[in-house]
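The values are calculated or read from the model by the stated rules, or taken from the named source; none is laboratory data. It should be emphasised that the depicted structure is a prediction, and the values quoted were computed from it without experimental measurement. Glycine also receives a Cβ, built like all others from the backbone with ideal geometry; neighbour counts cover every protein chain displayed. Heads up: the accessible areas ignore ligands, DNA and RNA and are worked out on the full protein's heavy atoms, side chains in. Shrake-Rupley method; radii C 1.70, N 1.55, O 1.52, S 1.80 Å.
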Amino acid sequence: MVSGDTRFFQSQRKGEIAEWRDELQRTDLETQKLAVKKVIAAMTVGKDVSGLFPEMVQCMQTTNLELKKLVYLYLINYAKSRPELAILAVNTFIKDSQDTNPLVRALAVRTMGCIRVHRITEYLCDPLQCTLKDSDPYVRKTAVLCVAKLFSIDAELVESRGFLDSLCDILRTESNAIVVSNAVAALSEISHVASKDIVAFDVTILHKLLNILTDCTEWGQVYVLDAIAKFQCSTPDDKKAILEQVGAHLQHSNGAVVLASVNVLLVHLKGYDGSTLQHTVKSQIASSLVTLLGTEKEIQFVTLEKLQSLLPDFSNVLQKHLQVTRSTVII
């Protein structure tokens, strides 16, 4: 809603539910849109408008993206309390997941994933399988995250329908960096819910993650870096590739990316015999952590904890940064 829509949050009057029901049943798009905004505003301030569920579902049958988004917001809010009515929206969801507009396809799958109702999850599987292979990367990146949401609702269903295998295939075959990073994020969330590592990355996936790292979003990089940190290297060449390529991200503007990079490098420095590269990486880590001490206090706190844990092994490297550290930290 835009700023001019604040009028919808004014105090309601008696009999307005019946008035809104009538407006929702109109065929005029603008009238429907205004009515839906009134319903959403009432819902936002805590008024029970679940009685309008059938009329709101009917409003899904539109090509107007703004109206569709508003109706989907309503459905997410009330589907859990009215699961018997939420089933009425399934056919429209399936239809929207096959729409010619990729924004509509992605919106349909995302919304179905957010409706945490067991009776709907079984209907989500077929559209989700299709959108995981969609021609548009925006739809695919949305679909892979939906797999994680579905797993938290029904883990057995996700495994039996082969969604975990689909995510692994995406890691190997997908060319879009954001889709790959979202797949890594989904697998990370699934592993957290299952309390075990779902997928063991092989060397092929490792090198793919290293190559797409720069093209990911900032938080996508954090998930990818966390995955690389867990990789069990079998050869010195694998360790060297990680140390060389991840080291470049120590200069990133996002503190979370820097700290995730530091964790990766510390893990894979262990057992590596290349003294020259080892010294270079240690110096890069020390320099990047000292740089973080000039940022927000919250990041300073985390960085100081990290520096404290590194003192036994990094004392010589940190020595030359000591004066900078003293002048930068704000107590």
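Please label the shape of segment 207-331 as rounded, prolate or oblate, based on the square roots a ≥ b ≥ c of the eigenvalues of the alpha-carbon gyration tensor (a/c under 1.5 means rounded; beyond that, a/b larger than b/c means prolate, else oblate). Note, shape of segment 207-331 comes out oblate. Ligands, DNA and RNA left out, the 1.4 Å accessible surface of the chain is 51% carbon and sulfur atoms.
Ordering of 172-182, 209-219 by packing is 172-182, 209-219, highest average first (other Cβ atoms within 10 Å, averaged per residue).
Accessible surface of Leu73, taken over heavy atoms with a 1.4 Å probe and every protein chain present, rounds to 90 Å². The angle separating the long axis of helix 118-132 from the principal Cα axis of greatest extent in the chain is about 60 degrees. Entry for segment 118-173 at q = 0.13, 0.19, 0.31 Å⁻¹: log10 I(q)/I(0) = -0.28, -0.60, -1.44, Debye formula applied to identical alpha-carbon scatterers, no solvent contribution. To the nearest Å, what is the center-to-center distance of segment 127-149 and segment 160-174, using C-alpha atoms only? When both Cα centres are located, 11 Å separates them. Helical content of the chain, expressed as a calculated mean residue ellipticity at 222 nm, amounts to -22000 deg cm²/dmol (DSSP H runs of 4 or more residues, -39,500 (n - 2.57) each, divided by residue number, nearest 500).
Using 1/(1 + (r/R0)^6) with R0 = 30 angstrom and r between the beta carbons of Cys114 and Ile299, what's the FRET efficiency to the nearest 0.05?
Numbers: r = 32 Å, r/R0 = 1.05.
Computed FRET efficiency for Cys114 and Ile299 comes out at 0.45.
The Rg/Rh ratio for the chain is 1.10, where Rg is the radius of gyration of the alpha carbons and Rh is the Kirkwood radius. Rolling a 1.4 angstrom probe over the protein heavy atoms, how many square angstrom per residue are accessible across the chain? It amounts to 51 Å² per residue over the chain.
Using only alpha carbon positions, build the gyration tensor of segment 85-158, then give the equivalent ellipsoid semi-axes as the square roots of 5 times its eigenvalues, largest first, whole angstrom. Walk me through the numbers on the way to the answer.
Values: eigenvalues 65, 42, 15 Å².
Result for segment 85-158: semi-axes of 18, 14, 9 Å.
Cross-link partners of Lys282 among lysines, defined as those whose alpha carbon lies under 26 angstrom from its own and excluding same-chain residues fewer than eight positions apart: Lys208, Lys230, Lys239, Lys240, Lys270, Lys297, Lys306, Lys320. Compute the Cα gyration tensor for segment 132-285, then decide on rounded, prolate or oblate, letting a ≥ b ≥ c be the square roots of its eigenvalues: rounded whenever a/c is under 1.5, prolate when a/b is larger than b/c in the other cases, and oblate in all that remain. Cα axes put segment 132-285 in the prolate bin. Subtracting the Cα-Cα distance of Asn316 and Thr44 from 0.36 nm times their residue separation leaves 92.2 nm of extension gain. Convex hull volume of the C-alpha atoms in segment 17-122, normalised per residue: 90 Å³.
Just need the Rg to Rh number for segment 148-224, please, alpha carbons only, Kirkwood Rh. Before the final figure, lay out the partial values.
Numbers: Rg = 12.2 Å, Rh = 12.7 Å.
Rounded to two decimals, Rg/Rh equals 0.96.
Taking the longest Cα principal axis of the chain as reference, the axis of helix 255-269 is set at about 50 degrees.
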